[in-house]
1. May I ask you to list the residues in region 33-61 that are farther than 12 Å from Thr22 by Cα, touching a strand residue (DSSP E or B) at 6+ places or on another chain (Cβ under 9 Å), outside any helix (DSSP H, G or I) and open to solvent by less than 70 Å² (accessible area, probe 1.4 Å)?
2. Answer yes or no: is there a residue in region 106-127 that is assigned to a helix (DSSP H, G or I) and surrounded by 10 or more Cβ atoms within 10 Å (Cβ to Cβ).
3. Which one of Leu100, Leu152, Leu164, Leu89 is open to solvent by 80 Å² or more (accessible area, probe 1.4 Å), in contact (Cβ under 8 Å) with a residue 12 or more places away in the chain and outside any loop (DSSP other than H, G, I, E, B)?
4. What is the one condition in (1) aliphatic (A, V, I, L, M); (2) part of a loop (DSSP other than H, G, I, E, B); (3) at pLDDT below 90 that Ile84 does not satisfy?
5. Taking region 5-32 as the search range and keeping residues that are part of a strand (DSSP E or B) and among the β-branched types (Val, Ile, Thr), which one is least open to solvent (accessible area, probe 1.4 Å)?
6. Just checking, which of Lys92, Lys98 is touching a helix residue (DSSP H, G or I) at 6+ places or on another chain (Cβ under 8 Å), basic (Lys, Arg) and more than 29 Å from Val18 (Cβ to Cβ)?
Amino acid sequence: ADQLIRTVRKQFNLPCSVGVSTTKLVSKIASDQAKPRGLLCIFPGHERAFLHPLPIRRLPGVGKVTETQIKNLGIHTIGDLQKIPSKELTEKFGKFGKWLSLKSQGQDTSTYEYRKTPLSISHETTFSEDRSDPEVFEQTLSYLCQRVARRLRNHGLFARTVRLKLRNSNFSTFTHSQALA
């Protein structure tokens, strides 16, 4: 993982963070915690303890609306969620409750599968310094759109939803999606 970070930095001059654990879920969260240029290893058996103090919003799939619903129940951290029996969460949230229970324990509900046909195609870039020039954004967005379009054509695919993600220097992230006709 350390070598990967060094290689990305050397070849592309980009910051890279890596999370290592027994599951994709915990590795993803660890990678987010390690940003912008870090490495965080969560050793086997320590997944629950790592997740325990984190806000529930750190669970991938828990957005603003879900976060509000969960917080209204007095649940603010993943540790709070870990204390609630799976059955109770399932009664309150249906299948999503079972999912929340598993995720809060650090268990993955999915496996990694290699696909020849991608489910999504994206490109992104990180500026080496903070930018505010709209012309630079427009040129960069045009370039990224062209790269995505080329990959779509190469796979014989059409886009259904377009999503734009902007991350500020303080790592707050804003996204907007638009479904196409």
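The values are calculated or read from the model by the stated rules, or taken from the named source; none is laboratory data. No experiment lies behind these values; they were computed from the predicted model shown. In this analysis, Cβ positions are derived from the backbone assuming ideal geometry, glycine residues included, and neighbour counts consider all displayed protein chains. Side chains are part of the model used for accessible areas, which takes the heavy atoms of the whole protein and leaves out ligands, DNA and RNA. Shrake-Rupley method; radii C 1.70, N 1.55, O 1.52, S 1.80 Å.
1. Answer for region 33-61, where residues must be farther than 12 Å from Thr22 by Cα, touching a strand residue (DSSP E or B) at 6+ places or on another chain (Cβ under 9 Å), outside any helix (DSSP H, G or I) and open to solvent by less than 70 Å² (accessible area, probe 1.4 Å): Gly38, Leu40, Leu54, Pro55.
2. no
3. Residue meeting the stated conditions: Leu164.
4. All conditions pass for Ile84, except number (3).
5. Val18
6. Of the residues listed, the single one that is touching a helix residue (DSSP H, G or I) at 6+ places or on another chain (Cβ under 8 Å), basic (Lys, Arg) and more than 29 Å from Val18 (Cβ to Cβ) is Lys98.
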